[in-house]
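Everything on this sheet refers to the single structure shown next.
The values are calculated or read from the model by the stated rules, or taken from the named source; none is laboratory data. Model, not experiment: these values are computed from the prediction. Backbone-built Cβ (ideal geometry, glycine too); neighbour counts: all protein chains shown. Only protein heavy atoms, including side chains, enter the accessible area calculation; ligands, DNA and RNA are left aside. Shrake-Rupley method; radii C 1.70, N 1.55, O 1.52, S 1.80 Å.
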Amino acid sequence: MLKYLIKRIFQMIAVLFAVSLIVFFVMSFTGDPVLMIVPPTATDAQIAEARVALGLDQPLWVQYRVFLGNLLRGDLGVSYIFKRPALTLIVERMPATLELVFFSILISLAVALPCGVFAGAWPNNPLSRIIMGGSLLGISLPSFWLGILFIFYFAVEKGLLPSSGRGETATLFGIPFAFLTRDGFRHIILPAVTLAMGTLAMLIRLIRAQIMEVMRQDFIKFARAKGVSWKNLLFRHALKNALVPVVTVFGIQIGTLIAFATVTETIFAWPGMGKLLVDSINTSDRPIIVAYLMIVAAMFVFINFMVDIVYTLIDPRIDLR
Amino acid sequence: MKKRLAAVFLALTLSLLAVAGAVGAEKSIVIGLGSDALFMDPSQQDETITNTMGRYMYDGLLNNNALGLPEPALATSWTIGDDNLTWTFTLRKDVKFHDGTDFTGEDVVYTIDVNRTTLNKNFTSAIKEVQVIDPHTIKIITNEPSAILLESLASLRILPKAYRTKIGDAAFNLAPMGTGPYIFEEWVKEDHITMKANESYWGGAPAIKKVTIRPISNAATRTAALLTGEVDIIEDVPVRDVDKVKATEGIEVVDRPSERLIYLHVDAHRPQGPGIIGLDKNPLTDLRVRKALSLAINRGSIVKMIMNGNAYATNQMVLEGRRGYSDKIAPPVYDPDQAKKLLAEAGYPDGFKVYLDAPNGRYPNDGQVAQALASQLTKVGIQVELRLHPKSVFFDFVRPGDKSSLVMTGWSEPIDVGEMASVLFYTRGKNPAKGGSNRGHYANPAFDDLIDEAGGTADPAKRGEILERAAQMIVEDGGIVPLYFQQDLYGKKKNVVFEPRADKSILAYEMDVK
């Protein structure tokens, strides 16, 4: 186990290093941040001055060396636009995103598990067909469209829920969260459902396929012959054996939701870090973009690691070595 | 200590009385903007929302009125010396910052020094020196006679020297304070900014006591927030939503010509145009070709078909009321036959090919407007190959002007033609401070002379007259092809009293809620 852990940690470092290299060099081919920062009336001398101040007059490899040196000290650079540390800006926004993602995962699981299992156990039931049709819609509808639709139906037409923003927050452990207040909770519902839709639909389809596969196997027949109740059969015997691929996909989905809730956040004016990424791309604020992608990469690497560990808990036959 | 306690007690009693008097009548407003402020410290950057926040919480020596013209604020009056360089300003007495400290001339000196080191330094470039004569009199000495000193000063928001030096500029940005009509309360980035009224504001207490500003960047969501009543007023109503907003009961749309002009840079002087395709000479050097260019464009149909009527076709460089707007400039004419004839006379009966560089996603409908231009120009023989650039690379691509001969872009001019022209149309390389964004490499010595002459004039009226001549000269010479002014569109509840401003700020101080 220890040997495995050490090996994985080295792998993670190698992956992150490769990511930093790719992200840094790809970013340097996008628009010139200096021109986005200086006023439109700036003279050539002012532009050159700003370029020197940001260190962008140096050759690319020197810039990368500085960046890597700072990275090793835990410094991800200072935003060109806000003139504050990129890491602080991202961490400041993280609770809002995590909160939103947490609720959309909750919604996805709450809906996808029963629906997926049902559709897998009784594939010919009319209800299963409805579930599958619905999941197809959920996968195909783009979230920006769905978000706007929700806003116009539930907020503008029906007046049931607020259209946008995070609403009132209350602090827990010094961090502001919206779900702790009634007003804030009402604000979460629409964006969380919008964000959950894609994941939910995909999980339903995946769980269904896995369950159908498992239901054909002998141990299910034996279990039924032994007189195990349907509930136990489906949720203990069948689901547990169907879960391994589902956990893999779910892990990746969590990462994707956290990293790229951008569209949903932008539509609902949710003050999370995805919106920060979009704004930074628009202003060519490279330090934030690079820091963001590095954090996201680290997160994915970590989640995948956790997923591997979870495998062993679900299925003792899987050996990490 | 005792004194302070007494003061606190008195303030508490007074505020309780004030609250008691206004129970149930406390007016508040929620404003939906297109983006969050970059800074609360107004000295950091000249950016629309940052400037708006600067107008809420701070004052300048002068403040711009709704038309964008500077008016006395923290300076009550001023005189210019005979040298045309020394300005003496009398400062308003009894003005206090929100923490109760007095505003004095030292704060002005400090503000100008701070702005010299930031991205706002262009507002201080004309100023050579600031002297404090007494706490309420200062002298500003300019490098050369300047007619735009007052406009520049109006862009500088006065910072509290003692407070800002004590807590440092980074902390100041998160806990800002000035002398303005509203007092900072809270800033949760990308979520809201809240402010309360400064009851002892020198200009009188604001009618609206509590202001919440919400950045909602998605235009459809912003409209929805207005329709649900979550916000009272929004900026930048998307053109496609105007009819829906108008049709909603209790909500209306107000508009105003925007200061932003959409126009073409024309490569009028270089013998070989980098954007000309397949010719070793530059047809645009011929005045007849440049005239044909303007005649071939149907601005009216672009405004009507692409901008849904939400723009103003023009042949001017700035809005009426700004220096350099000229009655002598004829309104734009659309005459494709005449354009063809002029092209033939110039020796291009079959036309020629040229690249048109335009941004896509920087201005409303810019990509479609560029496509319409391309097809209109191609009809008369100026065969346009369209190059659309995403906004993050567009300005980088066109700034040096070494890759294009025809550039469509926009410019928002808050002062006058002189400022605009010295950046955009002054001959490149002649003066390091001028012509930096002359993307079409316009090079007309007579025009440069007029801009220089205007720059050395301290009398605004005389400067205006010179700039009128300059604007007329370059428009008739086809160095610029103005297309249209955009429109600023606001949606608001009918009980909100609001007049749009030239600078696009939605200022609660000037508003009321009925």
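What is the packing order of peptides A:142-152, B:415-425, taking the mean over residues of other C-beta atoms within 10 Å and listing the highest first?
Ranked from most to least packed, the peptides come out as B:415-425, A:142-152.
Tell me, what ³J(HN,Hα) does each residue in region A:24-29 have, in order and in whole Hz, if you take phi through Karplus 6.51 cos²θ - 1.76 cosθ + 1.60 with θ = phi - 60° and put x for Gly and Pro?
After applying 6.51 cos²θ - 1.76 cosθ + 1.60, I find 4, 6, 5, 4, 6, 9 Hz.
Counting only protein heavy atoms and using a 1.4 Å probe, what share of the accessible area of region B:179-273 belongs to carbon plus sulfur, as a whole percent?
About 46 percent, which is the carbon plus sulfur part of the accessible surface.
Normalise the Cα radius of gyration of region A:1-158 by 2.2 N^0.38 Å (N = residues in it) and let me know the number.
Against the compact-globule rule of thumb, the ratio is 1.62.
Sort largest first and round to whole Å: the equivalent ellipsoid semi-axes of region B:173-221, each the square root of five times a Cα gyration tensor eigenvalue.
Working from the Cα gyration tensor, I get semi-axes of 24, 13, 7 Å.
For an R0 of 45 angstrom, estimate the FRET efficiency from the Cβ-Cβ distance between B:ASP512 and B:VAL393 and round to the nearest 0.05.
In this case the efficiency is close to 0.50.
Send over the semi-axes of chain B's equivalent ellipsoid, whole angstrom and largest first, taken as the square roots of 5 times the C-alpha gyration tensor eigenvalues.
45, 29, 18
Using a basic spin-label model with each label point 7 Å from the Cα along Cα→Cβ, how many nm lie between B:LYS341 and B:GLU476?
2.0 nm
Roughly how large is the B-A contact in terms of buried accessible area, totalled over both chains, probe 1.4 Å, nearest 100 Å²?
3300 Å²
From the backbone phi of region B:66-81, what are the Karplus-calculated ³J(HN,Hα) couplings (6.51 cos²θ - 1.76 cosθ + 1.60, θ = phi - 60°) in whole Hz, Gly and Pro given as x?
4, 7, x, 9, x, 10, x, 9, 6, 9, 8, 7, 7, 9, 10, x
Using the heavy atoms of the protein chains and a 1.4 angstrom probe, tell me the accessible area per residue for the protein assembly as shown in square angstrom.
Per residue, the protein assembly as shown has 44 Å² of solvent-accessible surface.
Using label points projected 7 Å from each Cα along Cα→Cβ, tell me how many nm separate A:ILE318 and B:VAL188, to one decimal.
So the label points at A:ILE318 and B:VAL188 sit 3.9 nm apart.
If you find the alpha carbon centre of region B:29-106 and of region B:108-157, how far apart are they in angstrom?
When both Cα centres are located, 12 Å separates them.
Can you give the accessible area of A:VAL278 in Å² (nearest 10), computed on protein heavy atoms with a 1.4 Å probe?
50 Å²
Given the Cα atoms of region A:2-72, and with Rh set as the inverse mean 1/r over their pairs in the Kirkwood sense, what is Rg to Rh to two decimals?
Rounded to two decimals, Rg over Rh is 1.19.
Rounded to the nearest 10 Å², what accessible area does A:TRP230 show when all protein chains are kept and the probe is 1.4 Å?
Accessible area, nearest 10 Å²: 110 Å².
Within region B:281-297, what residues put their amide N at less than 16 Å from the label point 7 Å along the Cα-to-Cβ vector of B:LYS379?
B:292-297
What average count of beta carbons from other chains do you get within 10 Å of the Cβ of residues in B:213-223?
Neighbouring Cβ atoms belonging to other protein chains average 6 per residue here.
Sorted by accessible area with a 1.4 angstrom probe, largest first, how do A:LYS3, B:LYS391 fall?
I get A:LYS3, B:LYS391, largest accessible area first.
Of the DSSP beta bridges with both residues in chain B, give the percent that are antiparallel, rounding to the nearest 5.
75 percent
Heavy atoms only, probe 1.4 angstrom, no DNA, RNA or ligands counted: give me B:ILE216, A:ILE303, A:ILE9 ranked by accessible area, highest first.
Heavy-atom accessible area, descending, gives A:ILE9, A:ILE303, B:ILE216.
So how many Å³ per residue does the convex hull of the Cα atoms of region B:158-200 work out to?
Dividing the Cα hull volume of region B:158-200 by its residue count gives 78 Å³.
Just subtract the alpha-carbon distance of B:ALA205 and B:GLN368 from 0.36 nm times their residue separation and send over the number in nm, one decimal.
That pair, B:ALA205 and B:GLN368, stretches by 54.0 nm at full extension.
Quick one: order A:ASP218, A:ASP279, B:ASP241 from most to least accessible surface, probe 1.4 Å.
Accessible-area ranking of A:ASP218, A:ASP279, B:ASP241, largest first: A:ASP218, A:ASP279, B:ASP241.
What is the mean number of Cβ atoms from other protein chains located within 10 Å of the Cβ atom of each residue in peptide B:393-403, rounded to a whole number?
Counting Cβ atoms of other protein chains within 10 Å of each residue's Cβ and averaging gives 3.
Which shape class applies to region B:302-430: rounded if a/c is under 1.5, otherwise prolate when a/b exceeds b/c and oblate if not, where a ≥ b ≥ c are the square roots of the Cα gyration tensor eigenvalues?
Note, shape of region B:302-430 comes out rounded.
For the protein assembly as shown, just list the percent of Cα-Cα distances falling in each 10 Å bin from zero outward, please.
2, 11, 18, 22, 20, 14, 8, 4, 2, 0, 0
So in the protein assembly as shown, what percent of DSSP beta bridges are antiparallel if you round to the nearest 5?
Percentage antiparallel, nearest 5: 75.
Given a cut-off of 16 Å, what percent of all Cα-Cα pairs of region A:164-238 lie beyond it?
Across region A:164-238, Cα pairs with separations above 16 Å total 66 percent.
Carbon and sulfur atoms: what percent of the 1.4 Å accessible area of region A:2-72 do they account for?
75 percent
Give, as ranges by residue number, the residues of region A:280-321 whose backbone N falls under 13 Å from the point 7 Å along Cα→Cβ of A:LYS7.
A:319-321
So what J values fall out for region B:476-493 if you push phi through Karplus, 6.51 cos²θ - 1.76 cosθ + 1.60 with θ = phi - 60°, rounded to Hz, Gly and Pro as x?
Once θ is set to phi - 60°, the couplings for region B:476-493 become 5, 7, x, x, 10, 10, x, 10, 7, 8, 6, 10, 8, 10, 10, x, 8, 5 Hz.
Can you compute the radius of gyration and Dmax for region A:93-314, using only the Cα atoms, both in Å?
Calculated on Cα positions, Rg and Dmax stand at 19.6, 65 Å.
Using a 10 Å cut-off around each Cβ of peptide A:80-86, what is the average number of partner chain Cβ atoms that fall inside?
Shielding by partners across A:80-86 averages 3.
With all distinct Cα pairs included, what does the Kirkwood hydrodynamic radius of region B:380-514 come out to in Å, to one decimal, could you say?
17.7 Å
Give me the Kirkwood hydrodynamic radius of region A:89-192, using the inverse of the mean 1/r over all pairs of distinct Cα atoms, in Å to one decimal.
About 15.7 Å, per the Kirkwood formula over Cα pairs.
So how do B:343-351, A:190-198 stack up, highest first, on mean other-Cβ count within 10 Å?
A:190-198, B:343-351
How much of B:LYS430 can a 1.4 Å solvent probe reach, expressed as accessible area in Å² and rounded to 10?
110 Å²
Work out how much length A:ASP183 to A:ALA53 would gain on full extension: take 0.36 nm times their residue separation and subtract the Cα-Cα distance, in nm to one decimal.
Contour length minus Cα-Cα distance gives 42.4 nm.
Among B:73-82, B:54-63, how do they line up from the highest to the lowest mean number of other beta-carbon atoms within 10 Å?
B:54-63, B:73-82
Send over the Kirkwood Rh of region B:186-313, from the inverse of the averaged 1/r over different Cα pairs, rounded to one decimal Å.
19.6 Å
From the helices alone, meaning DSSP H stretches of at least four residues, give me the mean residue ellipticity at 222 nm for chain A, per-run term -39500 (n - 2.57), in deg cm²/dmol to the nearest 500.
Taking each H run of at least 4 residues, the total per residue is -23000 deg cm²/dmol.
Only helical DSSP H runs with n ≥ 4 go in: add -39500 (n - 2.57) per run for chain B, normalise by residue count and round the 222 nm mean residue ellipticity to 500 deg cm²/dmol.
Helix-only estimate at 222 nm: -9000 deg cm²/dmol.
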